[in-house]
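Following: one structure in structure tokens, then a few remarks.
The values are calculated or read from the model by the stated rules, or taken from the named source; none is laboratory data. Only a predicted model underlies this, so the values are computations on that prediction, with no experimental measurement involved. For neighbour counting, all protein chains shown are included, and Cβ atoms are generated from backbone atoms with ideal geometry for every residue, glycine included.
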Amino acid sequence: MEQFTGRRPGREPRPCATRGFTLLELMIVMAIVLILATLSAGRYEQALIRAHEAALHQDLFVMRNAIDQYTFDKQAAPTSLDDLVSTGYLRAIPTDPMTKQKEWNTESSELLLSPEQTSSGITDVHSVSDAVSPFENTPYSSW
């Protein structure tokens, strides 16, 4: 007597369904990954611009502070940014993060910062970039 196995005679049992992904599932995952990559690229660009702006603010603060210290210590304003480097008030002229150059617009004034000051010279410094900040809506050269 034959034992009942639930199979038809002469046929092998079908293997279990394959455990892979369908093309539709792969396409959905790829679409989600592309959307996330696109969003993160935009965020990265914004973060990069914010970092450059923060560096510009810091560089301007340091150079303006060095100009003031030089003027009070020497009783004369510096005639160029190289004066700040040669006397040790700055290690080096910083690179403008917006233009990637070591060029800066300097502003000279006849205004004396102290009564003991003997000569005028550089009183302020600005970026040479005329690009406009997307966050502050002002040109970098006006900072």
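Which one of these is assigned to a loop (DSSP other than H, G, I, E, B), surrounded by 13 or more Cβ atoms within 10 Å (Cβ to Cβ) and at pLDDT below 95: Pro78, Pro94, Pro9, Pro13? Show your work before the answer.
Numbers: Pro94 fails: at pLDDT below 95; Pro9 fails: surrounded by 13 or more Cβ atoms within 10 Å (Cβ to Cβ); Pro13 fails: surrounded by 13 or more Cβ atoms within 10 Å (Cβ to Cβ).
Just a single option satisfies the conditions, and that option is Pro78.
Looking for whichever is among the hydroxyl-bearing types (Ser, Thr, Tyr), under 18 Å from Pro139 (Cβ atoms), assigned to a strand (DSSP E or B) and under 29 Å from the mean Cα position of the chain (by Cα) here; the options are Thr106, Thr123, Thr99. Which one fits?
Going through Thr106, Thr123, Thr99 in turn, the sole match is Thr106.
With respect to Ser120, determine if the residue is touching a Leu at 6+ places or on another chain (Cβ under 7 Å) and among the small types (Gly, Ala, Ser). Steps first, answer last, please.
Numbers: touching a Leu at 6+ places or on another chain (Cβ under 7 Å): yes; among the small types (Gly, Ala, Ser): yes.
Considered against the rule, which asks whether it is touching a Leu at 6+ places or on another chain (Cβ under 7 Å) and among the small types (Gly, Ala, Ser), Ser120 comes out as yes.
What is the number of the single condition among (1) within 25 Å of Gly121 (Cα to Cα); (2) surrounded by fewer than 11 Cβ atoms within 10 Å (Cβ to Cβ) that Ile67 does not meet?
(2)
Under 9 Å between Cβ atoms, which residue pairs at least 6 apart in sequence (or on different chains) link something in region 54-65 that is within 12 Å of Trp104 (Cα to Cα) and at pLDDT 95 or above with a partner that is in a helix (DSSP H, G or I) and not aliphatic (A, V, I, L, M)?
Leu56/Tyr140
Taking the condition of being closer than 17 Å to Asp83 by Cβ and either in contact with an Asp or Glu (Cβ under 9 Å, 6 or more places away or on another chain) or crowded, with 16+ Cβ neighbours inside 10 Å (or both), how many residues in region 113-136 meet it?
Qualifying residue count, region 113-136: 8.
Is it the case, given these coordinates, that Thr38 is surrounded by fewer than 15 Cβ atoms within 10 Å (Cβ to Cβ) and part of a helix (DSSP H, G or I)? Steps first, answer last, please.
On the way: surrounded by fewer than 15 Cβ atoms within 10 Å (Cβ to Cβ): yes; part of a helix (DSSP H, G or I): yes.
The answer is yes for Thr38.
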